[in-house]
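**Q** Please find one structure pasted underneath; my questions will follow.
Just so it is clear, none of the values below were taken in a lab; they were calculated from the coordinates. What you are looking at is a predicted structure, and each value in this text was computed from that prediction instead of being measured. For neighbour counting, all protein chains shown are included, and Cβ atoms are generated from backbone atoms with ideal geometry for every residue, glycine included.
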Amino acid sequence: MFPLPYQGHVNPMFQLANLLYSKGFSITIFHTNFNKPKTSNYPHFTFRFILDNDPHDERYANLPLQGMGAFSRIILFNKCGADQLRHQLELELSAKDEPPVSCLITDASWHFAQSVADCLNLPRLVLRTSSLFCFLIYASIPFLDDLGYFNLSDNTATPLLDGLGYNNVPDDKRLEEQVAEFPVLKVKDVIKIGFKKDNDGMGDIISNMVKQTKASSGIIWNSFKELEQLQLETIRRDIPAPCFLIPFAKHFTTASSSLLDQDRSFLPWLDQQPRNSIVYISFGSVAQVEEKHFVEMVHGLVDSKQSFLWVVRPGFVSGSTWLEPLPDGFPGERGRIVKWAPQQEVLGHEAIGAFWTHSGWNSTVESVCEGVPMICSPFWGDQPLDARYVSDVWKVGVYLENGWKREEITNAIRRVMADEEMREKSRGLKQKLDASLIEGGSSYESVESLVDYISSF
Ligand code: UDP
């Protein structure tokens, strides 16, 4: 198994690894030096370094470690990784004292792995860590680009790696219009994705990811059928590879695959808070805000008068090490701030009443798994698509779609904390998910058929 070295990709790959191990498979993980997993947490897996473990290899020496620039690594590894991957796989395939290799499972964004696997006659399955809907939209980017959606403003042509996103979408009435081809979306949702056809390295990564996912032997999704039934039907119609939808958070936590240390010191405080009284705030492992927007968040939160638990990752506020821009006296008695939390455990805690999230797909699924309604502040990529679904389709959250305005933040927090209908819908979705895990349910069957499928190779 070969995860992409980012938290939102490492977590589901290790959850899948745990699941397959529990079904009797031996697991070998290929990993980079960058964002190296905590191998000691997995004494039962075999680990192999790949790609960037030579300190003298200048190609990898000066790549940015933080922010969007860190994605330049994905572009480079996809361009230069084939020989090393083939070499490492050949070693695994010829090892005499190890169980035979049945398949390679890579992150979908390691698109270069498909041709390597083909050369070795090795089935390659992909793990796609976004929603099925996002995959369909990504597959349509060239088409949407040809229709001119990305040309509404010069600004919007800025490639992802230049830091496009949530804050840079221009003010234009047309952006509020529906996308005729995908009526659930507004034009601005498409623009917020942040990359378009052929304009930069990430555009290429996306189109190759789509192409090589279609060419794979199977696609594993962190989702469940009842959540994305129509999308599943479309994908099954268009792609011959079998699909397996598994809501990983219901099988294993991400505690062992966390790249940062999870602070647990606030849990006794959380235990004392009334049911559904706390807003949990976290924006994942990569997103960054400008200081002025961080300050709006603080004011919106204070004015809402709600208690909160806030994960502020070091580096979350661009230009600051950690909490320098906070006003004196904040957070006070009403809240706690930590650098990194055991998110799944927090979301499952009865004191949590809402999740203010950047709408990363793992965070979204984890929130659905626990029946927690959301306040969505997406940045780029799949996040604006997830936020639109959460608010307009599943109706289990509010999308803060006009940027960082303290009044809107306050209103959204108050609304989500008080809206019983939305809480009920969130519980309903969780119940569907729970039912899918019981023998005969769709998620249960997906695990069984994945195991049978891999065993058949
Ligand atoms: N996460 C965590 N502790 C935190 C914040 C996040 O363990 O304090 C985990 C979260 O549970 C999720 C992952 O980090 O599994 C973030 O993935 P997501 O797709 O939501 O966002 P990304 O980091 O990829 O933007």
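**Q** Over all directions, what mean area does the Cα convex hull of segment 189-286 project, stated in square nanometres?
**A** Working: hull surface 40.1 nm².
If you wrap the Cα atoms of segment 189-286 in a convex hull and average its projections, you get 10.0 nm².
**Q** I've got another one for you. How much length is gained on full extension from Glu407 to Asp328, taking 0.36 nm per residue of separation minus their Cα-Cα distance? Walk me through the numbers on the way to the answer.
**A** On the way: separation 79, 0.36 × 79 = 28.44 nm, distance 2.09 nm.
Extra length from Glu407 to Asp328 when fully extended: 26.3 nm.
**Q** Could you give the nm distance between label points at Asn62 and Asn33, where each point is 7 Å from its Cα heading toward the beta carbon?
**A** For Asn62 paired with Asn33, the spin-label model returns 1.7 nm.
**Q** I would also like to ask the following. Let's test the formula: R0 of 60 Å, r as the Cβ-Cβ distance of Ala82 and Arg264. What FRET efficiency results, to the nearest 0.05?
**A** 0.90
**Q** Still on this structure: Contour minus end-to-end for Arg174 and Asp54, with contour as 0.36 nm per residue of separation and end-to-end as the Cα-Cα distance?
**A** Length gained between Arg174 and Asp54: 38.2 nm.
**Q** While we're here: At q = 0.08, 0.10, 0.13, 0.14 Å⁻¹, what is the base-10 log of I(q)/I(0) for segment 260-418 according to the Debye formula with one equal point scatterer per Cα and no solvent? Please give it to two decimals.
**A** Evaluating at q = 0.08, 0.10, 0.13, 0.14 Å⁻¹ gives log10 I(q)/I(0) of -0.19, -0.30, -0.53, -0.63.
**Q** Could you order peptides 411-423, 365-377 by the average number of other Cβ atoms within 10 Å of their residues, highest first?
**A** Result, highest mean Cβ count within 10 Å first: 365-377, 411-423.
**Q** How many percent of DSSP beta bridges within the chain run antiparallel, rounded to 5?
**A** Values: 2 of 38 bridges.
Close to 5 percent.
**Q** Quick one: of the DSSP bridges fully inside segment 260-418, what percent are antiparallel, nearest 5?
**A** 0
**Q** Then there's this: Between the DSSP loop rule and a limit of at most 14 other Cβ atoms within 10 Å, which trypsin sites (Lys or Arg not before Pro) in segment 302-376 are left?
**A** Answer in residue order: Lys305.
**Q** Work out the FRET efficiency for Val393 and Ser102 from their Cβ-Cβ distance, taking R0 = 51 Å, and round it to the nearest 0.05.
**A** Taking R0 as 51 Å, the efficiency between Val393 and Ser102 is 0.85.
**Q** Write down the Kirkwood hydrodynamic radius of segment 360-412, to one decimal in angstroms, obtained as one divided by the mean of 1/r over all alpha carbon pairs.
**A** Kirkwood hydrodynamic radius for segment 360-412: 11.2 Å.
**Q** When a/c reaches 1.5 or more, the comparison of a/b and b/c decides; with that in mind, is segment 1-79 rounded, prolate or oblate per its Cα gyration tensor?
**A** Details: a/c = 2.54, a/b = 1.89, b/c = 1.35.
Prolate.
**Q** Can you give me the Rg/Rh ratio for the chain, using Cα atoms for both radii and the Kirkwood formula for Rh? Numbers along the way, then the final one.
**A** Details: Rg = 21.5 Å, Rh = 22.7 Å.
My calculation of the ratio gives 0.95.
**Q** Using label points projected 7 Å from each Cα along Cα→Cβ, tell me how many nm separate Glu421 and Ile438, to one decimal.
**A** With each label point 7 Å from Cα toward Cβ, the separation is 2.9 nm.
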